[in-house]
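Take a look at the structure below.
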Amino acid sequence: AREAGPDAIRGRVETADGRPVEVAANVGGEAELGPAAERGADGVGLFRTEFLFVDRESPPTEDEQYEAVAAALSAFDDPDDRVVVRTLDVGGDKPVPYLDLPDEPNPFLGRRGIRLSLDEHADLFETQLRALLRAAATEAGDGLAVMFPLVTRVEEVERAVATVESVADDLASEGVDHAVPELGAMVETPAAAFLADALAERLDFLSVGTNDLAQYVMAADRGSDAVAEYHDPLHPAVLRALDRTTAAAEGSDAWVGICGEMAGDPALTELLVGLGFDELSMSAVTAPEVKARVREVDADAAASLASDALACETRREVLDVLGLDDRGP
Ligand code: PEP
Ligand code: MG
């Protein structure tokens with residue numbers, strides 16, 4: 001159903017020995033959908049809905065949000081395509097003036113992500129979920145998955161799932177077409193990585209956001225040049241958090257993806273496959289290269305590379321295991 005650009009690899013890829021790995025795109029606006037499909041992305045692994053909320057005076061309506069999600073679903077309407085929509089993730093580095101977010105000394109450790117959706121902005125959360133559940137009932141809606149950002153507590157997931165259920169009840173009593181999509185949590189805090197087994201038990205999938213996870217594991221502001229060398233997804237502590245998450249998913253029925261920047265680095269594809277990710281989601285530019293790399297990887301060799309990397313105690317050792325020269329984070 002889509003045009004692929006000259007470098008794109010169309011369709012699903014698997015490792016040289018037959019393990020399927022989904023290569024999806026991170027999308028931060030409707031204009032990115034076409035290029036993502038042209039680059040051969042298998043779907044959207046992270047649809048950042050913030051773009052619908054910024055640069056305006058008031059929140060988008062339910063219908064506007066429904067249209068935007070329906071557009072993403074129809075850009076990826078092959079039967080096995082998936083579109084993972086993240087519910088509103090503002091606060092921290094993502095301010096929205098009309099939301100009147102609290103002025104905090106340390107916004108990255110404050111009211112952000114799912115915290116705002118469950119409390120201060122429960123109304124916006126419900127409106128967004130109504131739009132999503134309606135979109136899930138459209139023709140390409142089977143591919144919809146919805147995930148919650150910045151989870152730290154099991155109770156947050158329970159409350160979010162309960163909100164989805166009550167929104168579904170409301171839509172049913174209004175006679176509005178709807179369906180409940182797959183539900184997941186982002187693993188982007190140490191708390192979520194430590195509790196990944198409990199999250200996986202309650203959800204259909206987990207998706208690791210290494211931009212925030214590295215920030216919180218390493219106590220290094222993701223936007224600060226002064227600590228850029230600490231904001232390091234290849235630090236052994238971050239790798240062990242990834243391993244904990246993929247192991248939890250493996251012990252459950254949930255699938256697991258990764259949508260932080262590191263997923264788009266072809267030099268890390270073998271490591272990420274070896275750690276057990278089912279889906280790699282990235283800025284679409286690198287999707288062709290990552291797909292090509294997946295096809296060369298041997299899953300057993302990748303698992304043994306990952307286990308060597310997990311045994312490392314320093315970044316230097318990790319780079320040696322990966323055969324990489326020293327490089328920026
Ligand atoms: C992440 O934190 O890694 C992530 C993918 O989300 P964002 O960069 O939008 O915070
Ligand atoms: Mg994040």
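Kindly provide the set of residues from the stretch 200-212 that are of a type in the set (A, V, I, L, M, F, W, C), within 16 Å of ligand 1 (Cβ to nearest atom) and touching a helix residue (DSSP H, G or I) at 6+ places or on another chain (Cβ under 6 Å), ordered by number. Outline the logic, then answer.
Step one: filter the stretch 200-212 for residues of a type in the set (A, V, I, L, M, F, W, C), giving 200, 203, 205-206, 208.
Applying the additional criterion that residues be within 16 Å of ligand 1 (Cβ to nearest atom) yields 205-206, 208.
Matches in the stretch 200-212: LEU206, VAL208.
Is it the case that LEU171 is in contact with a strand residue (DSSP E or B) (Cβ under 9 Å, 6 or more places away or on another chain) and in contact (Cβ under 8 Å) with a residue 40 or more places away in the chain? Even if it seems obvious, please write down each step before you answer.
Working: in contact with a strand residue (DSSP E or B) (Cβ under 9 Å, 6 or more places away or on another chain): no; in contact (Cβ under 8 Å) with a residue 40 or more places away in the chain: yes.
So LEU171 fails the test.
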**OP:** Output the number of the condition that ALA185 fails; it satisfies all remaining conditions of (1) assigned to a strand (DSSP E or B); (2) away from ligand 1 (no atom under 13 Å from the Cβ); (3) among the aliphatic types (A, V, I, L, M).
**Re:** (2)
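Do we find that LEU213 is part of a helix (DSSP H, G or I), of a type outside the set (Asp, Glu) and touching a residue at least 24 places away in the same chain (Cβ under 8 Å) in this structure?
Numbers: part of a helix (DSSP H, G or I): yes; of a type outside the set (Asp, Glu): yes; touching a residue at least 24 places away in the same chain (Cβ under 8 Å): yes.
It is true that LEU213 is part of a helix (DSSP H, G or I), of a type outside the set (Asp, Glu) and touching a residue at least 24 places away in the same chain (Cβ under 8 Å).
Among the residues in the stretch 107-129, are any touching a residue at least 24 places away in the same chain (Cβ under 8 Å) and farther than 22 Å from PRO95 by Cα?
Within the stretch 107-129 (the criterion being touching a residue at least 24 places away in the same chain (Cβ under 8 Å) and farther than 22 Å from PRO95 by Cα), the answer is no, since none of the residues qualifies.
Please specify each residue of the stretch 101-123 satisfying the condition of being surrounded by fewer than 20 Cβ atoms within 10 Å (Cβ to Cβ) and in contact with a Ser or Thr (Cβ under 9 Å, 6 or more places away or on another chain). Before you say what the answer is, go through the steps one by one.
Of all residues in the stretch 101-123, those surrounded by fewer than 20 Cβ atoms within 10 Å (Cβ to Cβ) come to 102-111, 115, 118-120, 122-123.
The answer is ARG115, LEU118, ALA122.
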Original post:
Given the conditions (1) within 16 Å of ligand 1 (Cβ to nearest atom); (2) in contact (Cβ under 8 Å) with a residue 24 or more places away in the chain, and given that ASP77 satisfies all but one, which numbered condition is not satisfied?
Top reply: (1)
**OP:** Run PRO149 past the list (1) at pLDDT 95 or above; (2) away from ligand 1 (no atom under 14 Å from the Cβ); (3) within 29 Å of GLN215 (Cα to Cα); (4) touching a helix residue (DSSP H, G or I) at 6+ places or on another chain (Cβ under 9 Å) and report the number of the one that doesn't hold.
**Re:** (2)
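Tell me, please, whether a residue that is in a helix (DSSP H, G or I) and among the aliphatic types (A, V, I, L, M) can be found in the stretch 81-99.
Filtering the stretch 81-99 down to residues in a helix (DSSP H, G or I) leaves 97-99.
Keeping just the survivors that are among the aliphatic types (A, V, I, L, M) gives 99.
Among the residues of the stretch 81-99, at least one is in a helix (DSSP H, G or I) and among the aliphatic types (A, V, I, L, M), which makes the answer yes.
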Original post:
Any residue at all in the stretch 112-131 that is in contact with a His (Cβ under 9 Å, 6 or more places away or on another chain), under 23 Å from SER207 (Cα atoms) and part of a helix (DSSP H, G or I)?
Top reply: yes
Original post:
Conditions: (1) surrounded by 16 or more Cβ atoms within 10 Å (Cβ to Cβ); (2) assigned to a helix (DSSP H, G or I); (3) touching a helix residue (DSSP H, G or I) at 6+ places or on another chain (Cβ under 7 Å). ALA71 meets all but one. Number of the miss?
Top reply: (1)
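One line per residue, one yes/no per condition, for (1) away from ligand 2 (no atom under 16 Å from the Cβ); (2) at pLDDT 95 or above:
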{"site": "VAL84", "(1), (2)": "no, yes"}
{"site": "THR87", "(1), (2)": "no, yes"}
{"site": "ASP93", "(1), (2)": "no, no"}
{"site": "ASP103", "(1), (2)": "yes, no"}
{"site": "PHE125", "(1), (2)": "yes, yes"}
{"site": "LEU133", "(1), (2)": "yes, yes"}
{"site": "LEU144", "(1), (2)": "yes, yes"}
{"site": "VAL157", "(1), (2)": "yes, yes"}
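The values are calculated or read from the model by the stated rules, or taken from the named source; none is laboratory data. As the structure is a prediction and not an experimental result, all values here were calculated from the model. Neighbour counts are summed over all protein chains in view; Cβ atoms, including those assigned to glycine, are modelled from backbone coordinates with ideal geometry.
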